[in-house]
Amino acid sequence: MLRRTHTLCTLFSFALCLTMITGCFRNSTLFGEPATIITSGYFSATKSLPPQLQKKLPTDYVFYTPQQTTNCVIPPQQFSKTAFNNLSLNFLWTGAQHNLPIDGTTYSAMPSAGQTATYNGTELLITSEFCQENLSLLAVLDWDNNGYKDWLALYSYKSRVQPETSTRLLLIRDIQPNRILTATVLSASECYGKNCQKFTGHSLSEFLEYQPAY
């Protein structure tokens, strides 16, 4: 906390000191941008992240409405089609398989048996013979505070043939059009019936069999 040294501060620096004391700038970096919250599911999805990842989340946020204009290269309402066509599915794979080339690994390039896609702006639903998958945009933020927009999204899987479900909290960095996007897994859960396991931090690395690049 800055000392209130009135005699040494100019009018500008005093105002800046006061702003920081009152909490108007609450991010670790002074001019960090607030997160744009797409759905309230953002809060429940991020509350179990370990402290080192919690610190990367903007503490200021605004809520998104479809009518508002944004400065995003890809607007939130284009999330579903972008995820279908451009998001690599390598976030689903563990161990050495995770590092295989990402070309040709999107939903559009790897259709499963009887696959249908439903686009709902900020949500993508994939239904096939054996499972149902959902990708939902939770927030638009600047995770690395480098001036580039990133997506925080939730992936969920439900088997249609056995009582198996799973989720992945995903960070999709540097959203740009006409390129393959990759996702970092921030947390995961696996359930078989009522038997569920959650993975964060070290347990997540053991589950994935690699260290995610946070």
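The values are calculated or read from the model by the stated rules, or taken from the named source; none is laboratory data. Computed from a prediction, not measured in an experiment: that's the story for all the values here. We place every Cβ from the backbone using ideal geometry, glycine too, and count neighbours over all the protein chains shown. Just the protein is used for accessible areas: all its heavy atoms, side chains included, with ligands, DNA and RNA removed. Shrake-Rupley method; radii C 1.70, N 1.55, O 1.52, S 1.80 Å.
Structure notes:
- Some residue of the stretch 74-82 being open to solvent by 50 Å² or more (accessible area, probe 1.4 Å) and either out of contact with any strand residue (DSSP E or B) (no Cβ under 8 Å at 6 or more places or on another chain) or not in a helix (DSSP H, G or I) (or both): yes
- For the stretch 163-201, a tally of residues being closer than 30 Å to G147 by Cα and either of a type in the set (K, R) or under 19 Å from the mean Cα position of the chain (by Cα) (or both) returns 24.
- S48 passes every criterion in (1) touching a residue at least 40 places away in the same chain (Cβ under 8 Å); (2) farther than 22 Å from T165 by Cβ; (3) outside any helix (DSSP H, G or I) apart from (2).
- Members of the stretch 177-200 that are open to solvent by 40 Å² or more (accessible area, probe 1.4 Å) and within 25 Å of Q211 (Cβ to Cβ): R179, I180, T182, E190, C196, Q197, K198, T200
- When each of N99, N90, N145 is tested for being touching a His at 6+ places or on another chain (Cβ under 7 Å) and within 22 Å of Q211 (Cα to Cα), the lone residue that passes is N90.
- Single residue of T118, T106, T167 found to be farther than 29 Å from K55 by Cα, in a strand (DSSP E or B) and not aromatic (F, W, Y): T118
- Residue that is most open to solvent (accessible area, probe 1.4 Å) [pool: residues in the stretch 121-164 that are over 30 Å from K55 (Cα atoms) and part of a strand (DSSP E or B)]: K158
- Residue among T69, T94 that is without any contact (Cβ under 8 Å) to a residue 24 or more places away in the chain and surrounded by fewer than 18 Cβ atoms within 10 Å (Cβ to Cβ): T69
- Residue that is touching a strand residue (DSSP E or B) at 6+ places or on another chain (Cβ under 6 Å), open to solvent by less than 60 Å² (accessible area, probe 1.4 Å) and either in contact (Cβ under 8 Å) with a residue 60 or more places away in the chain or of a type in the set (D, E, K, R) (or both), where the choices are Y42, Y61: Y42
- Cross-chain or 6+ apart pairs with Cβ under 6 Å, the stretch 167-178 first and among the hydroxyl-bearing types (S, T, Y), then surrounded by fewer than 22 Cβ atoms within 10 Å (Cβ to Cβ): T167/S156; T167/S189
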